[in-house]
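The values are calculated or read from the model by the stated rules, or taken from the named source; none is laboratory data. All values derive from a computational prediction rather than experimental measurement. Positions of Cβ are backbone-derived with ideal geometry, glycine not excepted, and every protein chain shown enters the neighbour counts. These accessible areas exclude ligands, DNA and RNA; they are computed on the full protein's heavy atoms, side chains included. Shrake-Rupley method; radii C 1.70, N 1.55, O 1.52, S 1.80 Å.
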Amino acid sequence: MNRINAPRGTRDIVYPEITAWQILEERIREFYSRFLYREIRTPMFEHSELFQRGIGDATEVVQKEMYTFEDKAGRSLTLRPENTASVVRAAIEGGLFDAVFPLRFFYIGPMFRYDKPQKGRFRQFHQFGVEVFREENPELDAEVVYAAYAFLEELGLKEISLEVNSVGCEECRPAYLKVLQQEARAHQQELCLDCRRKIDTNPLRIFDCKQPGCRAAAATFSTITPHLCRGCADHFAGVRAGLDTYAVPYTVNERMVRGLDYYTRTAFEITSDRLGAQNAILGGGRYNRLVRDLGGPDIAGIGFAAGMERLLLHLEIAPGKDPQICFLACQSADSRADAMKLARQLWRAGYPAYLDYSAANLKKQFRRSDRMNAAFTLVLGTEESASGEVSIKDMVRQEQVRIPQQELLQWLDQRKS
RNA sequence: GUGAGUGUAGCUCAAGGGUAGAGUAUCGGUCUGUGGAACCGAAUGUUGGGGGUUCAAAUCCCCUCACUCACCCCA
């Protein structure tokens with residue numbers, strides 16, 4: 001039989017790595033509840049149309065990276081490549097815009113994109129993120145960015161930088177895109193083939209190209225900032241002022257573009273120097289048209305998503321100390337019943353306990369106890385069984401006592417405090 | 001989707017056409033009432049898979065799969 005491995009781009013998370021994940025998730029929940037975000041869990045697959053309409057048909061994600069399949073009834077479903085569209089869908093469907101206040105959600109969970117795996121990039125990966133609805137004040141944008149940045153800071157991430165930009169709205173962006181296209185056409189010869197195609201499909205993306213020719217040409221193109229309409233310009237100014245008030249260090253990158261079509265006005269991104277090519281660890285922005293475009297009321301939204309693998313890649317989360325494990329060693333099968341009764345007491349009292357059923361010689365059992373980092377080894381030998389006692393060896397202090405079995409819990413309780 | 005590198009024991013890696021090896025981990029013993037050490041011993045492989053060249057392939061060639069890194073894109 002040939003072995004079956006995990007599908008490409010997926011991986012198993014096992015102990016001890018899993019403890020870092022648990023700690024990270026715990027800290028996300030604690031941190032974001034400070035801002036009154038409430039957790040939301042949406043399905044891991046949705047109707048494909050949700051992502052096509054939400055993220056944008058022309059985006060790379062929708063065109064090339066979706067895990068789309070047909071179910072037995074012929075519906076086209078897609079494993080979620082991101083969670084914003086789902087949250088919006090859930091809010092519309094559940095009538096949450098009227099039922100819940102404040103309209104603040106956070107999520108943690110797996111996302112799926114059919115990419116070629118490399119460092120920090122997987123086909124099943126995990127994101128956490130937040131979404132806020134209805135509030136349109138630029139100060140809220142600043143708060144959301146603060147909530148993104150401060151969390152990473154509190155985790156102890158070093159070498160991260162925050163960039164913000166305004167990508168305009170449906171009022172001012174089309175006019176700017178026309179200007180940009182004209183400028184790009186004038187410099188066509190200097191652009192790579194890829195970028196020449198982008199002129200018509202997605203001119204903003206030319207700013208992302210790393211080819212020297214394209215970079216040089218793009219540097220001469222005008223940015224959106226002078227083309228922002230009054231509303232967007234004022235909003236952007238308000239966001240920057242808010243960031244200053246919240247004391248968030250940022251740089252304005254007028255050429256920053258995001259990969260999803262639904263962003264309006266504020267867009268932001270946090271990158272790390274330590275991740276190789278996949279250096280984006282968090283990205284987000286405002287999406288004032290998305291709710292309406294997905295059939296909901298005309299309500300604004302803003303949010304971000306962060307990649308948990310990338311976060312953990314350069315985060316040394318110290319694994320929590322193992323709890324005080326009790327290892328129960330029996331010298332022979334005769335004392336096993338005593339050991340089982342003691343183990344049951346320990347479990348019921350909340351002590352982690354491991355019972356070695358092998359009745360191998362004590363030397364071996366002590367070795368096993370040592371290797372699982374037990375705090376105590378409880379020995380039930382023929383002598384202890386005969387007298388109703390148990391020997392307890394403190395594996396760290398290397399001290400050993402023998403006490404009546406009934407006093408075990410009491411002894412441990414004392415030891416704990 | 002494109003490109004490069006790497007696949008040999010659970011793990012880290014040797015052997016570059018001529019009998020597949022070491023370290024480590026595992027298990028057993030020295031040592032059936034006491035762990036971390038030492039010594040001795042044992043087990044473990046379709047050399048990722050398939051095809052080809054050859055008297056002979058882990059080794060050379062082709063295909064395929066996986067991993068790693070980069071491009072693309074993104075978290």
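Remark on segment A:326-416: Rg and Dmax equal 11.6, 31 Å (Cα only).
With the Cα gyration tensor of segment A:98-194 giving a ≥ b ≥ c as the square roots of its eigenvalues, does the rule (a/c under 1.5 for rounded; else a/b larger than b/c for prolate; else oblate) give rounded, prolate or oblate? Oblate, since a/c reaches 1.5 and b/c is not below a/b. Over chain A, Cα pairs under 8 Å with separation of 6+ residues give a relative contact order of 15 percent. Segment A:200-250 and segment A:255-321 have Cα centres lying 16 Å from one another.
Fully extending the segment from A:Lys416 to A:Asp273, taken as 0.36 nm per residue of separation minus the present Cα-Cα distance, adds 47.1 nm. The distance from the alpha carbon centre of segment A:144-169 to that of segment A:1-67 is 20 Å, rounded to a whole number. Computed over the Cα atoms of segment A:225-325, the ratio of the radius of gyration to the Kirkwood radius (Rg/Rh) comes to 1.10. The C-alpha radius of gyration of segment A:53-122, expressed as a fraction of 2.2 N^0.38 Å, stands at 1.33.
Summarising the overall dimensions of segment A:185-230 from its C-alpha atoms, the Rg and Dmax are 10.9, 36 angstrom. Convex hull volume of the Cα atoms of chain A, normalised per residue: 220 Å³. Helical content of chain A, expressed as a calculated mean residue ellipticity at 222 nm, amounts to -11000 deg cm²/dmol (DSSP H runs of 4 or more residues, -39,500 (n - 2.57) each, divided by residue number, nearest 500). With a Förster radius of 60 Å applied to the beta-carbon distance between A:Arg292 and A:Gln406, the computed FRET efficiency rounds to 0.30. With K and R counted +1 and D and E -1, the other residues having a Cβ less than 15 Å from that of A:Asp141 yield a net charge of -3. The chymotrypsin sites (Phe, Trp or Tyr not before Pro) of segment A:241-314 that DSSP puts in a loop, and whose beta carbon has at most 16 other beta carbons within 10 Å, are A:Tyr246. Extension gain for A:Glu49-A:Thr245 works out to 66.5 nm (0.36 nm per residue, less the C-alpha to C-alpha distance).
For a 4.7 Å threshold on C-beta separation, the list of partnerless cysteines in chain A reads A:Cys169, A:Cys192, A:Cys195, A:Cys232, A:Cys326, A:Cys330. Using R0 = 25 Å, the C-beta based FRET efficiency linking A:Arg185 and A:Glu60 works out to 0.65. With a cut-off of 14 Å between beta carbons, the residues surrounding A:Phe45 carry a summed charge of +1, where Lys and Arg count +1 and Asp and Glu -1. Classify segment A:295-376 as rounded, prolate or oblate, taking a ≥ b ≥ c as the square roots of the eigenvalues of its Cα gyration tensor: rounded when a/c is under 1.5, otherwise prolate if a/b is larger than b/c and oblate if not. Because a/c hits 1.5 or more and a/b exceeds b/c, segment A:295-376 counts as prolate.
With a 1.4 Å probe and all protein chains left in place, how much accessible area per residue does chain A have, in Å²?
52 Å²
Taking Cβ atoms as reference points and 13 Å as the exclusive limit, the residues near A:Cys209 contribute a net charge of +4, counting Lys and Arg as +1 and Asp and Glu as -1. In this calculation the C-beta distance from A:Val252 to A:Lys72 is compared with R0 = 45 Å, giving a FRET efficiency of 0.35.
Per residue, the convex hull spanned by the Cα atoms of segment A:366-417 amounts to 77 cubic angstrom. When a 1.4 Å probe is rolled over the protein heavy atoms, the share of accessible surface on chain A that falls to carbon and sulfur comes to 49 percent.
Distance between the modelled labels on A:Glu383 and A:Ala237, one decimal in nanometres: 8.6 nm (7 Å Cα→Cβ projection).
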